[in-house]
């Protein structure tokens, strides 16, 4: 038997509380079955694009049934082993082919958004190289949106290691959504408040995790007071998805208790220095 969360957080916040599909050492359906009574949404992690790494058709049916039974929604994290901005046209074509297949494959789950990485090999680089990368990303996304029945607003580009403003030309060109990954911003010393201000109404999903010991995806107990204050202000009126992007039950349980304290009316939380 798996350990269970101490209470339900369904409908507790202005936003939809999401957790990843890999909290327990088990498959997609088993994780969702355990977590569904406690949260609003599941972040379905499809990190690898190979067919054998994806859920089966039977699992997709099970996930759809669990959604109906528990009033649960899904957001989908698309594979991170694809390179839409690659200089190699074969890699870009492969990205279009795999992404279009996967987007169609998960359609029965009616995802609220599809989160996509646009890796930028060789960061940092100069302005011409940055612009060329943005152009290649736009070419690839143009082909992708032509291949699938998906509005650009249903895809969220995630902030990664490079400056968040690099995404802006791509986002505005297609009128896309944005995934603000708080842990990535903290880990790579990019300003959280400026990123939230920059993308504002385009933010559909927040990946929330902390940094400790030079590693991200750590419990929220490691968030510092300035970050907490920034998040309190933003999350108090945010109505999208907030995914607690940690990958163990221990980290999730710690993070949910801490989030509850952060979102409490008093909202005063001292940082926890306990190592995890």
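Bear in mind that the values in this text are calculations on the coordinates, not laboratory data. It should be emphasised that the depicted structure is a prediction, and the values quoted were computed from it without experimental measurement. Cβ placement follows ideal geometry from the backbone for every residue including glycine, while neighbour counts extend to all protein chains displayed.
Values as computed for the structure displayed
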quantity	calculated
Burial order of peptide ranges 79-91, 212-224 (average beta-carbon count within 10 Å, highest first)	212-224, 79-91
The chain - share of DSSP beta bridges that are antiparallel (%, nearest 5)	5
Likely footprinting exposure, 52, 258, 190, 101, fewest C-beta neighbours within 10 Å first	52, 101, 190, 258
Semi-axis lengths (Å, descending) of the ellipsoid that matches the C-alpha gyration tensor of region 1-70	22, 13, 12
Relative contact order of region 127-232, pairs being alpha-carbon contacts under 8 Å that are 6 or more residues apart, as %	20
Gain on full stretching of the segment that runs from residue 197 to residue 149 - 0.36 nm per residue minus C-alpha separation	14.3 nm
Additional length obtainable on full extension of the chain from residue 224 to residue 87, 0.36 nm per residue less Cα span	45.5 nm
Rg to Rh quotient for region 123-276, alpha carbon positions, Kirkwood Rh	1.01
Potential lengthening between residue 2 and residue 139 on full extension [0.36 nm per residue; Cα-Cα distance subtracted]	44.8 nm
Sum of -39500 (n - 2.57) over DSSP H runs of 4+, divided by residues of the chain (222 nm, nearest 500)	-12000 deg cm²/dmol
Neighbour-count order for 176, 138, 1, 155, fewest beta carbons within 10 angstrom listed first	1, 138, 176, 155
Candidates 100, 156, 255: whichever shows maximal mean-square fluctuation once the chain is modelled as a Gaussian network with Cα springs under 10 Å	100
The chain: C-alpha pair distances exceeding 28 Å, %	34
Rel. contact order, % - alpha carbon contacts under 8 angstrom, at least six apart, region 170-228	32
Relative contact order %, the chain, counting alpha carbon pairs below 8 Å whose residues are six or more apart	18
Per-pair calculated FRET efficiency, R0 = 25 Å: residue 129 and residue 173 via Cβ, rounded to 0.05	0.85
